[in-house]
Structures are given as C-alpha cells and as structure tokens.
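One structure below.
Nothing in this text is a laboratory measurement; each read-out follows from the coordinates by a stated rule. Fair warning: this is a prediction, and the values are worked out from it, not measured in the lab. No Cβ is skipped: glycine too gets one built from the backbone with ideal geometry, and neighbour counts run over all protein chains shown.
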Amino acid sequence: MIPISVCIITKNEEKNIEKCLAPLIPYNFEIIIVDTGSTDRTKEIALKYTDKVYDFEWIDDFSAARNFSLKKASHNYVLVLDSDEFLTDINIDGVCKAIEEHPGGVGLLYRQNYYDSNGMPTCYPDRVERLFHKRRYHYIYTIHEQVADIHTNSTCYDRYEIPLTVDHVGYCGGKDSMQKKAERNNALLFKEIEKHPDDPYFYFQVGQSYNAIEDYENSYIYYKKAFEFPLNLEVQWVQVMATVFINSMTHTNRSEEALAFFEPIYDYFADNANFFCSMGIIYLNLTPPQPLKAMMEFLKATQCPVSREKGSNTYIPYYNMGIVNEMLNNLPSAISFYQKSAAYGYPLALERLQDLGVKI
C-alpha cells in the first residue's frame, strides 16, 4: 500500500468531525488535523483519532491553512478532505493502483453534495481534486482554493479518477446559515477580484455563492461576467459554470438568451450529463416550450457514464422526462418515469407521485 496522509482543516466542527474521521481508521492513513481557532469540542474529539492536531492562526486564507497541513504530513501522497465530508466508499487497492498509473497527476474523488432547494432535500454530484504528491502540488487562492503546480501555479495537469466517494453536508443547515456563509465567502472573493480583476474563476465563485442562496439575479450577473473572459471550455470548473449559468438564466426568465448563448458551443459539453439536463430545462422554459427537444436532451443525459455523472444521468433526467410526458398529456408514461426516478430516492419524484396519488 502506498502511504497516504489525510489532511483536514477544521473550525468549530464538533457536530461533523467524528463522522469525518471514524471511516478513515480502517485504512491506516496518517491523519493530520489543522485547527483554525475552534471554540467548541472539535480538537478534543479529533484527538481521539489522531495525535497530530495542530493550531493555525486564521488569516482569511484557506490556501495558507491547506498548505500548512501539507507541510505537517509525513507522507508524500496526501488526500485532502473537509471536516464536513464523510467517506462512504473506498477501494484502497484501486486508489493505490490509480496513483501508480498517474504518479504526477491529481486524483479526483466522487462527492455527493447535500443541500436544501426550495425546501426540498437535494443532492448533486461532482468530482474534486483531492489526491496528489505534496512535492509537486500546493494550493493557491485565499478562498475556493485550487490545487496548482508548486513551481508554476498552473492548474493544467493530468486529472484521473480514484475509487473514493464522500458525502458532503456543508451546504445543509437552513437558509440563514447559507446566507451567512455566502456573505463570508463573498467578502473574501471580492478581495480576490480586486487583486485578480481579469481572472474569471473568482466571478464564477461569487456567482456560486449567490446561486447557493437562490439569489439568481446576482448569480446571473457574475456568471455572465466570467463568460466575458476567454475561457477553455473543456476545463472542469468551466463545464460546471456552464450548467449553473443556465440555471440562473432559466430562473430569471432568460431561457431564450441561454439557448442563443449555448447552442454555438454545445459540442464542447459532449458527454456532460449535467449540461444535457440543463439544456433540457432551457427547452421546457421557452415560450412556447419545446418538450420533444427537451426529451432528447434528458435522454442524452441518461446515456452518459454512470461512474462519472451518477445523479445527473439517472434520477434527475428520469424525473424531467416525467414532466415532459405530463406536458404531452401522457400520464402513464409520466408516472413510469417518476417511478424510475423515485427508485433512486429522488425527493421531487417521490413528492410528485404522492401528489398523483400513486402508491410508492
């Protein structure tokens, strides 16, 4: 087994830290905890799992705290987690094999993000860069930190998937909690924009903060600013931005603008289930709606690789195909698609079946 250090930064995470650390123990990872000023029982609980708990004075810089944790790691290969992320599935032999095949790359873990949307519990998946050689890479940016080449600060490198899954609950906690989090994040992001006015990444992240609290008008403004810069449309965060930009446009009655913007660059997002689902939503929100074109987009989403896009190519498109069939007055088919979505536990599908009086 390749020795791996798990690096985690914390602050007042007593409700989450045990659920984060307990699943790590069977794998003999070195666990590094860097605490940035907890006033609750976070450190006390962490010390039950590791004696490598370090204090770090918070300076409004996530990368500084991350890089401090990397320096404390004994092993070259580091796995970076947040204290509100809980390991749910790992194939340690597969992880080691992936490292051996990509010794100079950065490993992507599969993350399921849980949050409330319009009062409904929702989950969306993504992949994030978390496993790398600490002598090759470090972190840059004070917030929404990015893994970068330690010599050039470039974020262009070999990315590969690792067989590791975590549940992320950082977006849960109610509207007030999310509002405060967005305000804290944006205060740091606006400082980054002052320092890097020509970097679209920070405009994108401000848009993300507003999107998380369902302030779609402001999220639209900042996503649009980000897209005004030259962009590599094949980069992962740009692909993510495309789908959330569409989300903000459909929520602010700009579906025609969204279609005109994304049709010319459609081919850049081939095999991206999130994008296909978002394009389907555009067609449903046009005046008049185009349900058959929407159905084609949702069908494309179901054909994307499950290992990479679980969620966006299963329960979400099935639910939306149910909506399309209701629009076409084909209730039996609509119910069938809602049932397929509900089989994955998708809350909106379960709610719709209940509204239709269908036994679940």
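Odds and ends about this structure:
- The GluC sites (Glu not before Pro) of segment 1-97 that meet both conditions, a loop assignment by DSSP and at most 10 other Cβ atoms within 10 Å of the site Cβ, are 57.
- Overall, the ratio between the Cα radius of gyration of segment 4-171 and 2.2 N^0.38 Å, rounded to two decimals, is 1.00.
- Here the spin labels are modelled as points 7 Å beyond Cα on the Cα-Cβ line, and at residue 15 and residue 217 they lie 3.1 nm apart.
- Spatially proximal aspartates and glutamates relative to residue 191 (Cα-Cα < 12 Å; intrachain offsets below 8 disregarded): 60, 61
- Net charge over other residues, Cβ less than 13 angstrom from the Cβ of residue 188 (K, R count +1; D, E count -1): -2
- Over the chain, equivalent-ellipsoid semi-axes from the Cα gyration tensor in Å: 36, 23, 20
- On the beta carbon distance between residue 51 and residue 136, with R0 = 35 Å, the FRET formula returns roughly 0.80.
- Between residue 40 and residue 92, the FRET efficiency from the beta-carbon distance, with R0 = 25 Å, is close to 0.20.
- Fully extending the segment from residue 167 to residue 74 would add 30.9 nm, taking 0.36 nm per residue of separation and subtracting the current Cα-Cα distance.
- Cross-link partners for residue 175 among the aspartates and glutamates, with Cα-Cα distance under 15 Å and sequence neighbours closer than 8 places in the same chain left out: 116, 183, 214, 215.
- Loop-located trypsin sites (Lys or Arg not before Pro) across segment 22-79 with a Cβ neighbour count of 13 or fewer within 10 Å are 48, with loop assigned by DSSP.
- Where Cα atoms sit under 16 Å apart: lysine pairs in segment 4-171 separated by 8 or more or lying on different chains: 12
- Computed lengthening from residue 253 to residue 287, 0.36 nm per intervening residue step minus Cα-Cα distance: 11.2 nm
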